[in-house]
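The values are calculated or read from the model by the stated rules, or taken from the named source; none is laboratory data. Just so it is clear, the model here is predicted, and its values are computed rather than measured. Reconstructed Cβ throughout: ideal geometry from the backbone, glycine too, with neighbour counts over all protein chains shown.
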There are 2 protein chains.
Amino acid sequence: MTKKELISTIKKKKSFLCIGLDTDITKIPKHFLKKSNPVFEFNRQIIDLTKDECVAYKLNTAFYEAEGVKGWKNLEKTINYINKTCPGIFTIADAKRGDIGNTSKMYARAFFENLDFDAVTVTPYMGEDSVSPFLEYKNKWVILLALTSNKGAEDFQISQKTSSPAGALAKAGANSPKFLFEEVIEKSSRWGTSENMMYVVGATKAEMLRDIRKTVPDHFLLVPGVGAQGGSLQDVAQYGMNKECGLLVNVSRGILYAGPGKDFAEKAKKETIELQKEMMEILFNNKRTR
Amino acid sequence: MTKKELISTIKKKKSFLCIGLDTDITKIPKHFLKKSNPVFEFNRQIIDLTKDECVAYKLNTAFYEAEGVKGWKNLEKTINYINKTCPGIFTIADAKRGDIGNTSKMYARAFFENLDFDAVTVTPYMGEDSVSPFLEYKNKWVILLALTSNKGAEDFQISQKTSSPAGALAKAGANSPKFLFEEVIEKSSRWGTSENMMYVVGATKAEMLRDIRKTVPDHFLLVPGVGAQGGSLQDVAQYGMNKECGLLVNVSRGILYAGPGKDFAEKAKKETIELQKEMMEILFNNKRTR
C-alpha cells in the first residue's frame, strides 16, 4: 500500500485505529473453544465486527508461533481473510525481526511474499544492512522500533551512558548526548523515506513525540500502549499528529477482550466505535487548527 | 541442557563447533529437489553426516518462515529429528526475538515448549522485561545479541554518540563513553547468570573479545562469522576462549554448501572434520597453557 492510499483510508474512515490481533487461546471467550479452529474463528468475528472503524490490523506473530504449525496456519488464514474481505486495510506483521542481510532477506520473503502483509516491524539493533532488505519491496513498509512502550525501554533506548559522569559533557561545552532511540531515528531516516518507513513510538512516552516530530515530521508513527498499557490517545494526538495525521494508534487487549463471555462481540464493537469517534473528533480538530 | 552438560559434551567430542542449518532451497544440491521434502531431507543428511563432530545445531528461523507453513513444519521436523538422534547436542533457535513481556512469554513458549530447543537468540533493544520471560525456563538459555558480525554493527552497537564532539569527554576528565554493546553486556549480565545466558559476538570483531572477557569471563559466547563472513577461528580462540572453552563457533554456509552437487556429503564431512581437528588442537593447547 502507498502512503497516499493509507492517508486516503484514514480520511474516508475518519479513523487512525489499528487493531492488534494478539489472539491468545487462553483469553478468548470460552464458547469459541468448541469450534474446530477457535483462534481463527475469533479473529474472523473480530475482523467482521471492526473492519469499518479501523484502518489497520496488526498481527503479533508470537501469539501464532506459540501454537506451532497450527499457529502459523492461523497467521496465514487470518492475513488472507483480511486481504480478501477488507479492501484498503493496512496490514502489519508485528514480528520484530532483523538479522544479517541474507537472513533479513528471508524474513522479508516470509512476510511480504509468502504472507502478503503491507508492513513488518523490525528491530534496529543490527543496523542498516539488517533493515535494507525489507526496503527493497515496492509499496511495502518497514516499521522500525524506536521508543517502545515497555519499562525495558529505559535500559538502552533512553539510557544515559553509564560511564559519562553527570555534567562532564556540559562542562566541556558539548551538546547533551543523544538517546539511543534518537540516534536510531536520525540514522535510519536516511535509509528509507516516509513512503516506506514508519517508527514504533509507545503511547506511554507520548510527551517525547514532540521532539521526535522535529526529526521525522512526515513519517507515520505506529503507537502501541493505549489502553492496557496505560497510554492516552489525547496525549499521543497532541504531541504526535502531523497534518496528514501521521499516526496509527494500536489497541489490542482493550478491544479483543472487552467482553469476557458471549458479550464479547457487543463489547468489542462498542469499544471500537468509541475509539473511532474519539479519533474522528481529533482529526476534525486537527484539520481546523492547522 | 545445563552448562555442565554442555562443557562435558565439548570435552568428549573435542569440539566447540556449532553448525548452522540455514537451509536455503535455492542453494542445496539439485538432486534433492526430486525428493518429496528437499529441505528436511537435506537437513537429515547433514545431521547424520556431522553429528559426531559438532556440539550444537543452530536453526535460523528465517529460512524456514520464508517457506510459510511448510517451512515451519520443517523447523519442527528438524528439531525433533536432532533431539531424537543426537543425544547431548545443544540446540539453538536463531530467531532474534524480543518484545514486551507478555509477547516474549509467547515466543518463549514457541521455542522452549512447542519446539523443544535448548536456547533462543534474543535481541536486547527492548531491555530487561523483553528478555526475562525466556530466563524463567529451567535449563533453557537466552543467547543475547551483543556485537554482531555484520557491517551494520557499526551503526549502533559500536557507534560513538554523534553529538559528543571528539575530545569533549577526555577534556572533562571523564572515562571514554562505552559502546552500546558493552552497555548491553554489562547490564544484561545481571539479568541472568552464566548458567542461562550466552552472548552473540561476531568472529569478524575477534580482537574485541579480549575486553568482553573482562566483563563476562564465565559466559559462553556464540560466535558466528567464521568462514563465509571472513572471521578467523584462531583469532576467536586466542581472544575469546576461557578455561572451560566458553565458545560455540558457528559455521553455516561453509559446511552446508561445501560441495555444490552430489559431492555435497563428502565435502561437508571433510570440512566438518577439518574444523573439528583444528578445534581439538586449540582445546589441547588451551589446556596446556593454563
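Please enumerate the residues belonging to segment A:102-117 that are more than 10 Å from chain B (Cβ to nearest Cβ) and buried (at least 24 other Cβ atoms within 10 Å of the Cβ).
Applying the first criterion (more than 10 Å from chain B (Cβ to nearest Cβ)) to segment A:102-117 yields A:112, A:116-117.
If the condition is that a residue be more than 10 Å from chain B (Cβ to nearest Cβ) and buried (at least 24 other Cβ atoms within 10 Å of the Cβ), then A:117 is the only one that fits.
Which residues, counting only those in segment A:139-152, are in contact (Cβ under 8 Å) with a residue 40 or more places away in the chain, facing chain B (nearest Cβ under 10 Å) and either of a type in the set (Lys, Arg) or out of contact with any helix residue (DSSP H, G or I) (no Cβ under 7 Å at 6 or more places or on another chain) (or both)?
Hits for segment A:139-152 are A:145, A:148.
If a residue has to be at the interface with chain B (Cβ under 7 Å from one of its Cβ atoms) and surrounded by 24 or more Cβ atoms within 10 Å (Cβ to Cβ) to count, how many in segment A:118-133 make the cut?
Here is the first cut: in segment A:118-133, the ones at the interface with chain B (Cβ under 7 Å from one of its Cβ atoms) are A:123-130.
Keeping just the survivors that are surrounded by 24 or more Cβ atoms within 10 Å (Cβ to Cβ) gives A:123-127, A:130.
The number of residues fulfilling the criteria is 6.
Would you pick out the residues in segment A:25-66 that are out of contact with any helix residue (DSSP H, G or I) (no Cβ under 7 Å at 6 or more places or on another chain) and within 21 Å of residue B:102 (Cβ to Cβ)?
A:26, A:27, A:30, A:33, A:56, A:58
Counting only residues that are within 13 Å of chain B (Cβ to nearest Cβ) and either in contact (Cβ under 8 Å) with a residue 60 or more places away in the chain or under 16 Å from residue A:156 (Cβ atoms) (or both), how many does segment A:187-198 have?
3
Which of (1) more than 10 Å from chain B (Cβ to nearest Cβ); (2) part of a strand (DSSP E or B); (3) in contact (Cβ under 8 Å) with a residue 60 or more places away in the chain is the odd one out, the single condition residue A:88 does not satisfy?
(2)
Please enumerate the residues belonging to segment A:193-208 that are surrounded by fewer than 22 Cβ atoms within 10 Å (Cβ to Cβ), closer than 13 Å to residue A:3 by Cα and not hydroxyl-bearing (Ser, Thr, Tyr). Walk me through it before giving the result.
Step one: list which residues in segment A:193-208 are surrounded by fewer than 22 Cβ atoms within 10 Å (Cβ to Cβ), which gives A:193-196, A:207-208.
When the remaining residues are screened for being closer than 13 Å to residue A:3 by Cα, the result is A:193-196.
Selection gives A:195, A:196.
Which of (1) modelled with pLDDT under 95; (2) outside any helix (DSSP H, G or I); (3) surrounded by 17 or more Cβ atoms within 10 Å (Cβ to Cβ) is the odd one out, the single condition residue A:165 does not satisfy?
(3)
With the structure loaded, tell me whether residue B:77 is over 19 Å from the mean Cα position of the chain (by Cα) and within 7 Å of another protein chain (Cβ to nearest Cβ) or whether it fails that test. Full working, then the answer.
On the way: over 19 Å from the mean Cα position of the chain (by Cα): yes; within 7 Å of another protein chain (Cβ to nearest Cβ): no.
No.
Taking helices (runs of 4 or more DSSP H) that do not extend beyond segment A:1-67, which have at least 2 residues that are within 13 Å of residue A:89 (Cβ to Cβ)?
Qualifying helices (runs of 4 or more DSSP H): A:3-13, A:38-50.
Among what's in segment B:242-290 and is surrounded by 13 or more Cβ atoms within 10 Å (Cβ to Cβ) and among the hydroxyl-bearing types (Ser, Thr, Tyr), pick the residue that is nearest to residue B:194 (Cα to Cα).
B:252
On the basis of being surrounded by fewer than 23 Cβ atoms within 10 Å (Cβ to Cβ) and farther than 30 Å from residue A:12 by Cβ, does residue A:70 make the cut?
yes
Would you check if residue A:222 is in a helix (DSSP H, G or I), crowded, with 18+ Cβ neighbours inside 10 Å and touching a strand residue (DSSP E or B) at 6+ places or on another chain (Cβ under 9 Å)?
Against the criterion (in a helix (DSSP H, G or I), crowded, with 18+ Cβ neighbours inside 10 Å and touching a strand residue (DSSP E or B) at 6+ places or on another chain (Cβ under 9 Å)), residue A:222 does not qualify.
Within segment B:24-47, is even one residue within 14 Å of another protein chain (Cβ to nearest Cβ), in contact (Cβ under 8 Å) with a residue 24 or more places away in the chain and under 17 Å from the mean Cα position of the chain (by Cα)?
Scanning segment B:24-47 turns up no residue that is within 14 Å of another protein chain (Cβ to nearest Cβ), in contact (Cβ under 8 Å) with a residue 24 or more places away in the chain and under 17 Å from the mean Cα position of the chain (by Cα).
Conditions first: (1) more than 9 Å from chain B (Cβ to nearest Cβ); (2) of a type in the set (D, E, K, R); (3) crowded, with 23+ Cβ neighbours inside 10 Å; (4) within 27 Å of residue B:20 (Cα to Cα). Residue A:136 passes all but one, so which condition is the exception?
Only one criterion is unmet by residue A:136, namely (3).
Just a yes or no: is a residue in segment B:49-69 under 18 Å from residue B:222 (Cβ atoms), within 14 Å of chain A (Cβ to nearest Cβ), of a type in the set (Ser, Thr, Tyr) and touching a residue at least 40 places away in the same chain (Cβ under 8 Å)?
no
Just for segment B:101-139: of the residues that are assigned to a helix (DSSP H, G or I) and aromatic (Phe, Trp, Tyr), which one is farthest from residue B:221 (Cα to Cα)?
Looking at the filtered set, the residue picked out is B:107.
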